[in-house]
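Structure record follows, encoded as structure tokens.
Read-outs throughout are calculated quantities, based only on the coordinates presented, and are distinct from any laboratory measurement. Source: prediction; values computed, not measured. All Cβ positions, glycine included, derive from the backbone under ideal geometry; neighbour counts span all protein chains shown.
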Amino acid sequence: MTTILGLDVRGAVIAITALAAGSAVIPACADPSEEADDILLEDVSALAALPCVAGGPAPEDARIASILNPRLANKMRGRMNAYNTSCARAVVQAVRARGLNERAAAIAIATVIVETSIANLDGGDRDSVGLYQQRATWGSFAQRTDPVWATNKFLDVMQSFYPNGSWNTAPIGDVAADVQRPAQQFRFRYAVEANDAIEIARVLGGAAAPERDVYAISRNNQGRTSVHVLSGATNFTSFATHSLSALHPTDGGLTTHYVLLAGDFNGDNHGDVYAISRNNQGRTSVHILDAATNFTSFLTHSLSALHATDGPLTDLYEFGVGDFNGDNRDDVYAISRNNQSRTSIHILDAASNCPEHDAGIRRSDAFPSHPR
């Protein structure tokens, strides 16, 4: 463990801890046209930590650091302070200002944890500087040590490597490593920090999170299930949309057969509609109406791993949605009111390649795509 001492603009000494197995290792961010060499910084004591936000850290940064420290599990556990929290805050705000979601913020945070322990350094290996240790070919010194500019530059490269939002479903560690291009033996470090980065992005993004909308779903409107979204941004005094969806009517005899819920299925930061059929060919099936198309098309039709939940099981099983495993996709929660004299929770994974989790609850296998 190496402690880096730096001076902020007011002359106060601040300590930033750079952690790695053995010695302090800060992989440099490569020029986009070349792969990075192995980077070992033997002496980092001369590096200064530059401010990340105007006026320096705020009291709120210290409070948030105290919340984060016990929640983290890896490099930054117990080592978040007002300074590096202010730097993380600058990163998260830059991501949000760009219109990207919490997962993009987590990718950026995982990167700066690995590169600099979330410190805006005035130097590094060769000509690398800043939170991301970006090389001189990426921009001027002033640009690379500006957290907003540096974050946007990082996101530019991320989106060029992962077009059409494909970074949303790729592993956080892989995306970060592909942008930074460390030597092969260092790539794993970004994945190690992914869960902590998700937690930091969640906590820092919470206060600025957009208002939740209200979904009013009509089971029969002109022969279709329709979706009406009241905008939280206007305190529900106006609608964000009215849509005759792609789903047939779900009233009458289908009222108890179909459970209708809102959640983000594909990580695009829009609330899709989950139409859960209690019995489709002997299985509980999941049909997702895509918010990005104003609910006029489906993202998937799926026969899930869960048995049918209609008939005598209708009152036994409740359904909900939520992101169980932190992959930015809302999974389906099937809650049984009585299973061996306990309430049991069974989670259907929105991602087809996610392994079963052991968290003291039962989790069903991923639900595969299935033709309607």
Measuring from its Cα centre, the stretch 41-181 shows a charge dipole (+1 at each Lys and Arg Cβ, -1 at each Asp and Glu Cβ) which, in debye to the nearest 20, is 380
Take the Cβ-Cβ distance between residue 184 and residue 127 as r, set R0 to 25 Å, and report the resulting FRET efficiency rounded to the nearest 0.05.
0.65
Through the Karplus equation 6.51 cos²θ - 1.76 cosθ + 1.60, θ set to phi - 60°, convert the phi angles of the stretch 274-290 into ³J(HN,Hα) values in whole Hz; use x for Gly and Pro.
9, 9, 9, 8, 6, 8, 9, 6, x, 10, 7, 10, 10, 10, 10, 7, 7
Please list the non-local residues whose amide H lies under 5 Å from the amide H of residue 300, H modeled 1.01 Å from N, same-chain partners needing a gap of 5 or more.
288
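Explain nothing, just the number: relative contact order of the stretch 59-214, from Cα pairs under 8 Å at least 6 residues apart, as a whole percent. Intermediate values should be presented prior to the final figure.
On the way: 226 pairs, mean separation 41.9, N = 156.
27 percent.
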